[in-house]
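Reviewing the structure listed below.
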Amino acid sequence: IHNVIFESSNKASNVVAHEIAALIRKKQTQGLPCVLGLATGSSPIKVYEELVRMHKEEGLSFSNVVTFNLDEYYPMDKNNIQSYYYFMHVHLFNHVDILSENIHIPNGKIPVDELYQFCIDYEMKIKSYGGLDFQLLGIGRTGHIGFNEPGSHLNSATRSITLDYITRADAASSFLSLDNVPRKAITMGIGTIKSAKRIVLLAWGNNKAQIIKQAIEGKITSNIPATYLQEHDNTTFVLDYEASTELT
Ligand code: F6R
């Protein structure tokens with residue numbers, strides 16, 4: 001893992017957005033799709049904002065971009081404003097020229113008896129595009145990446161998972177109360193994430209400082225799934241100053 005520390009999350013987000021834009025353009029000149037794994041939550045918002053700006057002001061086209069989102073609550077209707085489907089459309093997809101058929105987000109309304117096959121198909125779909133060129137991540141206070149909570153296996157694939165209490169508590173404010181937060185989610189696995197050719201994890205603010213220290217400096221353990229990234233050879237943790245303060 002490399003880590004880079006910026007004075008502000010704004011500055012950091014711009015640098016990450018520019019890396020993604022450069023990759024999209026490079027793939028365009030090669031006549032290839034650019035396959036992006038995307039995250040939701042507060043961490044990537046400014047990255048998406050800058051990508052939208054580059055689309056509007058600098059002609060950055062998303063016509064060759066294929067996206068796979070990390071996760072979705074389960075059950076969750078895509079029209080619900082708390083859905084990750086809704087989040088992605090509001091923050092990115094509605095404002096750029098991505099083809100709707102190139103957008104993939106786990107289906108929070110898939111019937112239980114079709115869930116297993118849905119997850120297998122999600123993996124196959126990623127592989128059919130040659131894998132993820134770039135995976136954007138946040139990190140939860142449990143050390144989750146995607147919704148791979150503590151206990152997740154190194155080789156796990158897309159599947160349903162039970163959310164940890166801390167994860168649900170952190171989401172409670174956007175759901176108005178803890179009781180409204182879904183108990184489950186569909187998430188790409190650690191294996192799915194680790195197969196990406198490039199991984200960038202974003203963490204901002206004081207409340208991430210402790211888990212960032214454990215993720216970067218701690219020993220690799222399923223108790224802190226983000227530690228699995230230590231074994232990936234092209235991962236960068238992009239931090240603001242506050243998130244870096246516990247690092248030795
Ligand atoms: C979201 C996701 C989660 C978040 C993490 C941090 O798609 O996969 O792992 O990245 O919970 O959330 P924020 O950015 O809101 O602190």
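Side notes on the structure shown:
- Across every direction, the projection of the convex hull enclosing the Cα atoms of the stretch 109-228 has a mean area of 8.0 nm².
- Virtual spin-label span in nm between Lys197 and Gln230, 7 Å along Cα→Cβ: 2.8 nm
- Tail beyond 28 Å, pair distance distribution of the stretch 2-244 (Cα, percent): 26 percent
- Extension reserve of the Lys184-Tyr241 stretch, reckoned as 0.36 nm per residue once the Cα distance is removed: 17.3 nm
- Net lengthening on full extension, Ser63/Ser8 (0.36 nm per residue, minus Cα-Cα): 16.7 nm
- Positive-pole candidate from Pro44, Gln117, Ala22, dipole of the stretch 2-244, charges at beta carbon: Ala22
- Using Cβ point charges alone (K and R +1, D and E -1), the dipole size of the chain about the Cα centre works out to roughly 240 debye.
- Between Ser128 and His18, the FRET efficiency from the beta-carbon distance, with R0 = 30 Å, is close to 0.60.
- Reachable lysines from Lys26, criterion Cα separation under 25 angstrom, eight or more residues apart if same chain: Lys11, Lys46, Lys56, Lys125, Lys127, Lys194, Lys197
- Gain upon complete extension [Lys109, Asn79; 0.36 nm per residue less C-alpha separation]: 9.7 nm
- Signed unit charges on C-beta, dipole axis of the stretch 2-244, positive-most listed residue Leu163, Ser128, Gly138: Ser128
Here, each number is a calculation from the coordinates, and none is a lab measurement. Keep in mind the model is a prediction, meaning the values are calculated, not measured. No Cβ is skipped: glycine too gets one built from the backbone with ideal geometry, and neighbour counts run over all protein chains shown.
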